[in-house]
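Asker: I have a structure here, written as structure tokens, and I will follow up with some questions on it.
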């Protein structure tokens, strides 16, 4: 297959959104915003050393949102021909005129827009060819299959790609962005006495230098898989639980949802009355940093063009802010604060950027050594959360802890509690790594309810 030879042209994307907004205004829209995203990627899969699949994809999608007073409507589409654009504009105009009024909708005021955009490193041209990717996937698979007990490969893959975007709005927004992605991983199966287990490992990053070693990824996948063999249930009870850093960021995801402006405005959050109050221990800090070079969640401004900045969402245990977009800020009588996300053709959403909890001083091994009877969680399945009360439960698997050491693998277990109580008892280990947009070290929570045998 042919490989891309040039980065995506962001000037061409800017011309597309400029034309969309101009056509919307020509058809009578009082205000409008448009965005376009173009992505292309190559992914290769191998199994047993043989090439299994080579997939190249490229897409270009646009969105338009128009306003007539407090009426709004949006469309998303991928037909960017003159005819396709014309139909999309007319459809958005007709829908907006017929829409009910929304008192909170509208673009942000011009004086709320960022006046300077920080220069963030987010793009490295994806130079790996499909042949390069196949070689990488084979190396990862070979390392995984070298682990004694691994019997077969589910899949080994490697990929790289890029995404470019442009947005324009009648309030003065005019932005372009370019991001890259690289990654590889493997999933393998181990069998013993008729029982089979599978596990995986992978690494992804915006630049190749930040990827973990390929052989390390493969060995980790194999060792994780073999370690799961022979899993059993453990007795029900109340015990200390350590959540491995592989799964611990789920708690930050729950926190993010509970402090999102739309949830607060609707009154559907268990933290709706907690702003300015301590909800974690006093030594806990949770930070969101939108301007980190090569961060998977980095962005120079938010999805509405509002300036963003590094912020302690939790400072010394205290909840300091809601994550707001313009509609939720208006509804709450507050100023939007840089957490809006763009939706092609839709109203803005809300999210953090690069969110992490600061590490503690104890290692995961030290934490384990202090527990006479507990649980190390390495996998979580189908979490259930009541957003109004914070009641939470999740299926887990991992390893029993006996006399300060990791014992045998366990599965078919449920861990449950209330997140208001759990947040207060979280203790972070020292093993934080930045491998996603939401990151946490291993976390210890004492006195959690465990449902097992």
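Asker: Would you work out the relative contact order for the range 1-149, in percent, from Cα pairs under 8 angstrom that are 6 or more residues apart? Can you show the working numbers first?
Answerer: Numbers: 189 pairs, mean separation 33.9, N = 149.
Relative contact order of the range 1-149: 23 percent.
Asker: If I take R0 = 25 Å and measure r between the Cβ atoms of residue 412 and residue 389 in this structure, what FRET efficiency does the formula 1/(1 + (r/R0)^6) give, to the nearest 0.05?
Answerer: Details: r = 26 Å, r/R0 = 1.04.
For residue 412 and residue 389, the calculated efficiency is 0.45.
Asker: To continue, here is another question. Note down the relative contact order for the range 251-357 as a percent, whole number, built from C-alpha pairs under 8 angstrom at least six residues apart.
Answerer: 33 percent
Asker: Moving on. For the range 367-431, rounded, prolate or oblate, judged on the Cα gyration tensor with a ≥ b ≥ c (square roots of eigenvalues), a/c < 1.5 rounded, else prolate if a/b > b/c? Write down the numbers at each step before the final one.
Answerer: Working: a/c = 2.53, a/b = 1.48, b/c = 1.71.
The shape class here is oblate.
Asker: Another one. Starting from the 7 Å offset along Cα-to-Cβ, what nm value, one decimal, do you get for the label separation of residue 115 and residue 193?
Answerer: Taking the two extended label points, one gets 7.1 nm.
Asker: Considering only DSSP beta bridges with both partners in the range 251-357, what is the antiparallel share in %, to the nearest 5?
Answerer: On the way: 12 of 13 bridges.
Antiparallel: roughly 90 percent of the beta bridges in the range 251-357.
Asker: Another question about this same structure. Report the gain in length on full extension from residue 52 to residue 369: 0.36 nm times residue separation, minus Cα-Cα distance, nm rounded to one decimal.
Answerer: Working: separation 317, 0.36 × 317 = 114.12 nm, distance 4.42 nm.
Computed gain between residue 52 and residue 369 is 109.7 nm.
Asker: Counting helices only, and only those DSSP H runs with n ≥ 4, report the 222 nm mean residue ellipticity of the chain as the sum of -39,500 (n - 2.57) divided by its residues, in deg cm²/dmol to the nearest 500.
Answerer: The per-residue figure over the chain is -6500 deg cm²/dmol.
Asker: Applying a 10 Å radius around every beta-carbon, put 382-392, 441-451 in order of their mean neighbour count, most first. Numbers along the way, then the final one.
Answerer: Working: 382-392: 14.4, 441-451: 20.6.
Ranked by mean Cβ neighbours within 10 Å, highest first: 441-451, 382-392.
Asker: What length, rounded to one decimal in nm, is gained on full extension from residue 155 through to residue 275, with 0.36 nm per residue of separation minus their alpha-carbon distance?
Answerer: On the way: separation 120, 0.36 × 120 = 43.20 nm, distance 4.56 nm.
Going from the current span to full extension adds 38.6 nm.
Asker: Between residue 131 and residue 449, 0.36 nm times their residue separation minus their Cα-Cα distance comes to what? Numbers along the way, then the final one.
Answerer: Values: separation 318, 0.36 × 318 = 114.48 nm, distance 4.99 nm.
Difference between extended and current length: 109.5 nm.
Asker: May I ask for the angle, rounded to the nearest 10°, between helix 82-98 and the longest principal axis of the chain, with both axes built from Cα atoms and the value confined to 0 to 90°?
Answerer: Around 90 degrees separate the two axes.
Asker: Give the angle, between 0 and 90 degrees and rounded to the nearest 10, that separates the Cα long axis of helix 10-26 from the longest principal axis of the Cα atoms of the chain.
Answerer: Value to nearest ten degrees: 50.
Asker: Which whole number of Å³ per residue matches the convex hull of the alpha-carbon atoms in the range 309-453?
Answerer: Per residue, the Cα convex hull of the range 309-453 comes to 151 Å³.
Asker: Another question, then. Is the chain best put as rounded, prolate or oblate by its Cα gyration tensor, with a ≥ b ≥ c the root eigenvalues, rounded for a/c under 1.5, and otherwise prolate when a/b is larger than b/c, oblate when not?
Answerer: Details: a/c = 2.28, a/b = 1.35, b/c = 1.68.
Since a/c reaches 1.5 but b/c is at least a/b, the shape of the chain is classed as oblate.
Asker: Explain nothing, just the number: relative contact order of the chain, from Cα pairs under 8 Å at least 6 residues apart, as a whole percent.
Answerer: On the way: 1179 pairs, mean separation 71.1, N = 453.
Over the chain, the number comes to 16 percent.
Asker: May I ask you to order 52-64, 258-270 by the average number of other C-beta atoms within 10 Å around their residues, highest value first? Walk me through the intermediate numbers first.
Answerer: Values: 52-64: 16.3, 258-270: 20.5.
Descending mean neighbour count gives 258-270, 52-64.
Asker: With a/c under 1.5 counting as rounded, go ahead and sort the range 251-357 into rounded, prolate or oblate using the C-alpha gyration tensor (a ≥ b ≥ c being the square roots of the eigenvalues; past the cut-off, prolate if a/b is larger than b/c, else oblate).
Answerer: Details: a/c = 1.90, a/b = 1.14, b/c = 1.67.
It is oblate, given that a/c is not under 1.5 and a/b is not larger than b/c.
Only the coordinates and a few stated rules stand behind these numbers; no lab work does. Fair warning: this is a prediction, and the values are worked out from it, not measured in the lab. Counting neighbours? That spans all protein chains shown, and the Cβs are built from the backbone with ideal geometry, glycine included.
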